[in-house]
1. Describe numerically, in nm with one decimal, the distance between label points set 7 Å from Cα along Cα→Cβ at residue 564 and at residue 522.
2. Of all accessible surface on the stretch 482-606 at a 1.4 Å probe, what whole percent is carbon and sulfur?
3. About its Cα centre, what dipole magnitude does the stretch 448-606 give when the only charges are +1 on Lys and Arg Cβ and -1 on Asp and Glu Cβ, stated in debye to the nearest 20?
4. Which is farthest toward the positive dipole end of the chain among 385, 494, 600, measuring Cα position about the Cα centre, with Cβ charges +1 (Lys, Arg) and -1 (Asp, Glu)?
5. Report, by chain and number, residues whose modeled amide H sits under 5 Å from the one on residue 368, excluding near sequence neighbours (fewer than 5 apart, same chain).
6. When a/c reaches 1.5 or more, the comparison of a/b and b/c decides; with that in mind, is the stretch 3-248 rounded, prolate or oblate per its Cα gyration tensor?
7. In whole angstrom, how long is each semi-axis of the equivalent ellipsoid of the stretch 252-435, when you take the square root of 5 times every eigenvalue of its Cα gyration tensor and sort them from largest down?
8. At 1.4 Å probe radius, can you tell me the per residue accessible area of the stretch 1-60 in Å²?
Amino acid sequence: MCGIFGCIVGDGRAAPILVRGLKMLEYRGYDSAGIATIDGGKILVKKDVGKIDEIEERLLMSELPGKIGIAHTRWATHGAPNAVNAHPHLDMHSRIAVVHNGIIENYLELKRELMELRYNFVSKTDTEVVAHLISHSFSKHGDLLAATVEALRRVRGSYSLAIISTASPDRIILARRESPLIVGLGDGAVFAASDVSAFLERTNRVVYLEDGEVGVLTLNGLTIYKLDNMEGVSRKPVTLNWSIEAAHKAGFPHFTLKEIYDQPLTVREALRIQEQYADLIVEFLDRGREVFLLGAGTSYHACLAASYMFSKLARLVTYPVVASEFVENFGNAVGIDTVILAVSQSGETIDTLNALEYARLRAATVLGLTNVVGSTLTRISRAYILQNTGPEIGVAATKTFTAQLTVLAQLALRLARKRGKVSQSEIDRFKDDLHNLPQLVSETIKSVEPEVKSLSDVLSQAKVLVFLGRGLGYVTSLEARLKVMELSYIPSIALPAGESKHGPISIVEEDRNVVFTIPRDETRKLAINNVMEMKARGAKVTIVGEDGDSEVAELADHFVGVPKVNYLLSPIVYVIPYQLLAYYLALRRGLDPDKPRNLAKSVTVL
Ligand code: F6R
């Protein structure tokens, strides 16, 4: 999730406004940044790796001349964070500059094609493909808008783009597909950015670009077209009465809620994994004598879910292990044939890194799944794969969890295919189910929120909460417990439902709140037995189950229904009511859901 920004000013220079806008967007991503302006018929660029203030101090970006410019703050997805990969990217003739937020899915195919046409690539980014592709069309048309449209019709993936050219130095061409892009109309100046915070200090009159639209922004205003057929679109500006803080949260009261709502998009981005790296990881997983899946907290829960996916779909037995226990438990058994897939959103969790360092010294193969390119995990892994979630600001992991699961499910599918363990029809069905996930996630968020809000009233005074489930329902229960406990501070336990009768059932008494996760799968019948055990002891039972599962719903004091989903993908959907429950419980108890006490986003102490 990078941040893009562009502006045209009537009087004065664009560069200081761009640098200020970048500062306001820095929270969206911050490994490198840059700006490009047009002056004297030339594109001028300054960009580097690091924080905006550091780059500004080193390069004095704000001193670039010119009334028009574009800017970018980067959260790397393709190519390491360094000066060459930083945006803006130029075409070979330095007449077109591009900034981009999103992922170009077919960039390798396009890159190969352009290289055959002797286009020279200097960076490892997917964005540079767009610059060359537009340049290629521009050589034919001589018109920047027509060239952009022709180029974008060949591009698959997500993007918000701002493009300037020496050929039309009075305009910024904009385009949007699945990544946000908002135009600001000020007095004597116009702006376009990934979010309004970039320009809110200057104007609150905005126009939102929609998916599949391109725009031409000049000092006279914005003209919008549909990319498909170049039909004109008329849209009136709206006035936002937001503070900068509200703008950062896109109007949501907290980052945690915004990030829960981001999930349809972040799950979609997680479906855009880089195939060559996924294949490499699958190759290593398949070769290991034993495979450990390592993570801490929520990332450990992703590992646990992956172990079910790998065994059920690909018939590969893996060992999910809490990172801080790995060396003590398995250290002596680690050797050259050991493969470890470490899952860490930040890529910096010291418990995980310590275990990996130990394993590396014993020649084990270390693989990584992370959200942060350039993190220690990416540096020490033999191969790594990115989840493409962008920064998560709420301390509790929400969107990064569902994205991790989405990537792991794709690895499980590839592994199954490689090992010849699934039929073509199963592969096709699973692919369809993956494809439908963003839609299911979106439906779930909308449909469960009212129910969960009233549930939070009921549960907010509970002294203790018990979460139970079987199979992947158990994994979801573990993550539910963690979310609820860390945001609401209500002491909670989570167990496989079958385990409760081996001891923990002794804490169940009249009105004790017990929360079950029961997808409609093979474990459902036994889970129903466990519900009966709890009810017999007077527990108040809440069940998160499948919409329309009336047999289960009738057993519950409170029932939250979610849409039907493939069992192996169920935690991605079933966790959503719990994320919302944790959020609303925190509010009911007067707590700040974004900053739970005693916790840090990245845990770098042992
Ligand atoms: C819980 C949470 C933590 C992290 C854990 C690992 O909401 O955020 O449990 O999951 O600290 O962090 P990463 O994934 O960065 O290794």
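1. Placing both labels 7 Å beyond Cα along the Cβ direction yields 2.0 nm.
2. Accessible surface attributable to carbon and sulfur in the stretch 482-606 totals 53 percent.
3. That gives a dipole near 460 debye.
4. 385
5. Amide H neighbours of residue 368, under 5 Å, 5+ apart: 342, 383, 384, 385.
6. Note, shape of the stretch 3-248 comes out rounded.
7. The equivalent ellipsoid of the stretch 252-435 has semi-axes of 24, 22, 13 Å.
8. 38 Å²
The values are calculated or read from the model by the stated rules, or taken from the named source; none is laboratory data. All of these numbers come straight from a predicted model, not from anything done at the bench. Virtual Cβ from ideal backbone geometry, glycine too; neighbours counted across all protein chains shown. Each accessible area value is taken on the protein alone, full model and side chains, heavy atoms only, with ligands, DNA and RNA left out. Shrake-Rupley method; radii C 1.70, N 1.55, O 1.52, S 1.80 Å.
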